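Below is one structure; the comments refer to it alone.
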Amino acid sequence: MYKLKDRLAKLNPPVPAPNHCRIRLDANESYKNLPDYMIEDIQRMVGEIEFNRYPDPFSSELCKGFAEYYGVDPECVVAGNGSDELISIINANFLDPGEKMLVITPDFAMYQFYGELNEKDIIAVPKNDDFTVDMSRVIDAARENGVDMICFSNPCNPTSLGIEKSEVLRLVESVDALVIVDEAYMDFWSEDQSMMDQVQTHNNLIVLRTCSKALGLAAVRIGFAVADRDLTRVLKSVKPAFNMNTVAQTIGTALFHYPNHLRINTEEIIQERDELKRMLMELNEKAGLFEEVLDSKNNFVVARTLKADVICEKLRERSISVSNHHTFIRITVGRDWENRELVEALAEIAGEIKA
Ligand SMILES: *Cc1c(COP(=O)(O)O)cnc(C)c1O
């Protein structure tokens, strides 16, 4: 008699919540589609694919484009079907069941999800009340518990705060564990604090990046792991052979043909984010809806409020979606008219809640 393992029997697939809101500021996507001239270029390149042939297992052209854009060695880059796939591959292969993985909560839920799925022991170190990270406490917890892997996002989703590179470096150099630094949002931190230039000299470091946020390619599913040659060799060995289909490789390769567009676009999003933050703080001075609007190194702004549930519900009634974290709301930056409508809606809601 076949019996599902307990850890599998309790699982349910995530319920896809179709989002029909007029203004969608909940998923940290880029608010702009690719420009027409890039879409035309992509169509031409996709038209030249030999669809009967298997893909390049190592996504060489794509990794070369990524490496050039970010100034890293292409030999240190592995492409994944979204960084999500890379998180899953690393979790499943770099730790044995029962080994310990440290997360710094609250953080991106996928680390813990894949950790538990792969029967890893999760050590959760909470952030400070203001969402900053006490790195000394993380290092102590890692050492005391003998953790084998540490995984966190920097800048952080969902808190919007960043950890300075010097602090991340201190962590990497203070532990024996493998450290996964998920830099999905690093493009939005104006003073670059990326650890990608540290991988050659630190054999316990993997940096994750993605095309889903600043580069505006969430639909296509492209992520990257950057690590030293040993870790890269292992990642290439354990990943599914043809994890990146040729269509995705082609689109990603085309994207990196336009480095100037990518840089200018990122800069625009940063400016919109700063403007959104400014408007939210201005609103808050008048209406007092939030306890605090946090600093942001990401493409979203976090506002702390114990009224998060009611605010999100009232935004939904106006066909605006944001991400509800119950003690705070996470607002992805949108186009300027979307941000203005959001702030106007929040001003109305502030009046309704007070009344
Ligand atoms: C959005 C996001 C990613 C990107 O995931 P993809 O699978 O590459 O789309 C990775 N990490 C964090 C923390 C994110 O918020």
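The values are calculated or read from the model by the stated rules, or taken from the named source; none is laboratory data. Fair warning: this is a prediction, and the values are worked out from it, not measured in the lab. Using ideal geometry, Cβ is built from the backbone for each residue, glycine included, and neighbour counts are taken over all protein chains shown.
The table below gives the values:
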item: Selection within the stretch 308-324 - within 18 Å of ASN284 (Cβ to Cβ) and surrounded by fewer than 16 Cβ atoms within 10 Å (Cβ to Cβ); result: VAL310
item: The stretch 222-242 - residue that is part of a loop (DSSP other than H, G, I, E, B) and buried (at least 20 other Cβ atoms within 10 Å of the Cβ) and, of those, nearest to the ligand (Cβ to nearest atom); result: ILE222
item: Residue list for the stretch 293-352, filter: over 19 Å from the mean Cα position of the chain (by Cα) and closer than 20 Å to SER190 by Cβ; result: VAL293, ASP336, ASN339
item: Filter pass, LEU25 being surrounded by 10 or more Cβ atoms within 10 Å (Cβ to Cβ) and either within 25 Å of PHE188 (Cβ to Cβ) or of a type outside the set (S, T, N, Q) (or both); result: yes
item: Filter pass, PHE188 being among the aromatic types (Phe, Trp, Tyr) and crowded, with 21+ Cβ neighbours inside 10 Å; result: yes
item: Only listed residue being in the same structural domain as GLY223 (by TED's automatic domain parsing), on the phi > 0 side of the Ramachandran plot and within 18 Å of the chain's Cα centre (by Cα), chosen from GLY146, GLY98, GLY82, GLY71; result: GLY82
item: Residue match in the stretch 256-276 (condition: under 21 Å from CYS312 (Cα atoms) and within 19 Å of the chain's Cα centre (by Cα)); result: yes
item: Among residues of the stretch 165-212, those that are touching a residue at least 12 places away in the same chain (Cβ under 8 Å), in a helix (DSSP H, G or I) and either within 15 Å of the chain's Cα centre (by Cα) or within 21 Å of ILE104 (Cα to Cα) (or both), counted; result: 13
item: Unique residue being in a loop (DSSP other than H, G, I, E, B) and within 20 Å of the chain's Cα centre (by Cα) when the list is LEU4, LEU34; result: LEU34
item: Residue in the stretch 32-45 that is in contact (Cβ under 8 Å) with a residue 40 or more places away in the chain and among the hydroxyl-bearing types (Ser, Thr, Tyr) present; result: no
item: Unmet criterion (only one of (1) without any contact (Cβ under 8 Å) to a residue 60 or more places away in the chain; (2) within 27 Å of LEU25 (Cβ to Cβ); (3) buried (at least 21 other Cβ atoms within 10 Å of the Cβ); (4) not charged (D, E, K, R)) for LEU255; result: (1)
item: Whichever residue in the stretch 213-244 is over 16 Å from GLY80 (Cβ atoms) and of a type outside the set (Lys, Arg) and, among such residues, is farthest from the chain's Cα centre (by Cα); result: ASP230
item: Residue that is of a type in the set (A, V, I, L, M), crowded, with 16+ Cβ neighbours inside 10 Å and closer than 25 Å to LEU255 by Cβ, where the choices are VAL179, VAL133, VAL172, VAL199; result: VAL199
item: Residue check for GLN200: closer than 29 Å to GLU173 by Cα, of a type in the set (S, T, N, Q), in the same structural domain as ARG53 (by TED's automatic domain parsing) and within 16 Å of the ligand (Cβ to nearest atom); result: no
item: Only listed residue being assigned by TED's automatic domain parsing to the domain that holds VAL103 and in contact with a helix residue (DSSP H, G or I) (Cβ under 6 Å, 6 or more places away or on another chain), chosen from VAL179, VAL168, VAL172; result: VAL179
item: The stretch 132-157, residues that are closer than 20 Å to GLU191 by Cα and within 16 Å of the ligand (Cβ to nearest atom); result: VAL133, PHE152, SER153, ASN154, PRO155, CYS156, ASN157
item: Number of the condition not met by GLY65 [criteria: (1) small (Gly, Ala, Ser); (2) within 15 Å of the ligand (Cβ to nearest atom); (3) buried (at least 20 other Cβ atoms within 10 Å of the Cβ)]; result: (2)
item: Positions within the stretch 277-292 being under 21 Å from the mean Cα position of the chain (by Cα) and polar (S, T, N, Q), in sequence order; result: none
item: Check on GLU268, in the same structural domain as ASP336 (by TED's automatic domain parsing) and surrounded by fewer than 18 Cβ atoms within 10 Å (Cβ to Cβ); result: yes
item: Looking only at the stretch 68-88, and only at residues there that are in contact with a Cys (Cβ under 6 Å, 6 or more places away or on another chain) and more than 19 Å from ALA218 (Cα to Cα), the one that is nearest to the ligand (Cβ to nearest atom); result: VAL77
